Amino acid sequence: MRNDITWEDPFCAEGNNCFRIGTDSDGNAYIAVAGQEDAPLTDSREALRTLILEIKAGKADHLL
């Protein structure tokens with residue numbers, strides 16, 4: 001696990017479904033299940049920004 005990832009507080013739904021978002025000094029973004037930060041999904045901060053904006057726009061609502 002990278003030591004320079006700055007993790008945000010967990011985002012939790014009902015129950016124990018918690019995710020964490022983090023960034024590092026190289027411009028990468030990370031998403032991990034809380035407690036499993038040693039195995040994150042990683043991409044650029046721009047990709048994370050795009051993902052969040054698309055979700056907020058409702059483009060993933062069909063997955064709910």
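What to note about this one:
- log10 of Debye I(q)/I(0), alpha-carbon scatterers only, for the chain at 0.15, 0.17, 0.29 Å⁻¹: -0.50, -0.63, -1.26
- Selection from Ile31, Cys18, His62, by position along the positive dipole direction of the chain (Cβ): His62
- Here the extension length gained between Cys18 and Glu37 equals 5.7 nm, from 0.36 nm per residue of separation less the Cα-Cα distance.
- Under the Karplus curve 6.51 cos²θ - 1.76 cosθ + 1.60, θ = phi - 60°, whole-Hz ³J(HN,Hα) for the range 45-59, x wherever Gly or Pro sits: 4, 5, 5, 5, 4, 4, 4, 5, 5, 5, 5, 4, 7, x, 6
- Spacing of the two label points (7 Å from each Cα toward its C-beta) at Asp9 and Lys56, in nm: 1.9
- Where only DSSP H runs of four or more residues are counted, the chain gives -6000 deg cm²/dmol as its mean residue ellipticity at 222 nm, each run worth -39500 (n - 2.57).
- Rounded to the nearest 20, the Cβ-based charge dipole of the chain about its Cα centre (Lys and Arg +1, Asp and Glu -1) stands at 180 debye.
- Relative contact order of the chain, taken over Cα pairs closer than 8 Å and 6 or more residues apart, is 22 percent.
- Ordering of 17-30, 36-49 by burial proxy (mean other Cβ atoms within 10 Å per residue, highest first): 17-30, 36-49
- Annotation: amide H of Ala34 within the under-5 Å range of Cys18, Phe19, Arg20, sequence separation 5 or more or interchain, hydrogens built in the peptide plane.
Each reported figure results from applying straightforward, stated rules to the coordinates on display, with no laboratory input. If you're wondering where the values come from, they're calculated on a predicted model, not measured in any experiment. Note that each Cβ is placed from the backbone with ideal geometry, even for glycine, and that neighbours are counted across all protein chains shown.
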